[in-house]
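To keep things clear, I will list the structure first and then write my remarks on it.
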Amino acid sequence: MDDLRQGFEEARLMLDRFIEDPAGFEKIETAGRLMLQSLNGGGRIISCGNGGSMCDAMHFAEEMTGCFRDDRRPLAAIAISDPSHITCTANDYGFESVFSRFIEAFGGRNDILLVISTSGNSENVVKAACCARDKGMKVVALTGRDGGRLAGLADVEIRVPHDGYSDRIQELHIKIIHALIGFIEKNL
């Protein structure tokens, strides 16, 4: 029982740490404003990540195209998660290109790339961010630890400063994602 409780205590401490630093909320608001600007200008938000971060990228996109809390128009968002694209690209170009090839095909100047990586160093996510920047897209990064290579590539980096296991970082990433979507819905 103590082990179970310890996980919840760690999660609470991480959340408290994030709440105590107002810079995190400023970055969420800045990212939300960039996303609103993109959506209002006919752009879309493309999201990507690996493993649990891909699930978070998909969750973001489905809440945007569907509905989060309020009934509103669907918002243009898509996660790079099509298995046929991923396996074809990985087979032909390598796993490091699965996201960047999608950005090359579909990314536009008014679009935003939302990249999610607990380390900030996932090669395929970093390569997607580089590709997006080359295309003139804005990049919003959800990271952990020290931000990794994504820290220097993002227009807005929202970092969960945790050096331990990725699950603690992911728990805050989903909270940040919900905060972003809530901000967008409120300010449409």
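The values are calculated or read from the model by the stated rules, or taken from the named source; none is laboratory data. What you are looking at is a predicted structure, and each value in this text was computed from that prediction instead of being measured. Here the Cβ positions follow ideal geometry from the backbone for every residue, glycine too, while neighbour counts run over all protein chains shown.
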Residue, nearest to residue 136 (Cα to Cα), within segment 85-103, restricted to residues that are assigned to a helix (DSSP H, G or I) and aliphatic (A, V, I, L, M): 103
Matching option when the condition is in contact (Cβ under 8 Å) with a residue 40 or more places away in the chain, more than 15 Å from residue 138 (Cβ to Cβ) and not hydrophobic (A, V, I, L, M, F, W, C), among 70, 3, 82, 16: 70
Residues of segment 109-160 that turn out to be surrounded by fewer than 19 Cβ atoms within 10 Å (Cβ to Cβ) and among the acidic types (Asp, Glu), as a count: 4
Test: residue in segment 80-89 that is under 29 Å from residue 168 (Cα atoms) and crowded, with 24+ Cβ neighbours inside 10 Å: yes
Hits in segment 35-58 - residues which are among the hydroxyl-bearing types (Ser, Thr, Tyr), in a helix (DSSP H, G or I) and either under 23 Å from residue 109 (Cα atoms) or at pLDDT below 95 (or both): 38
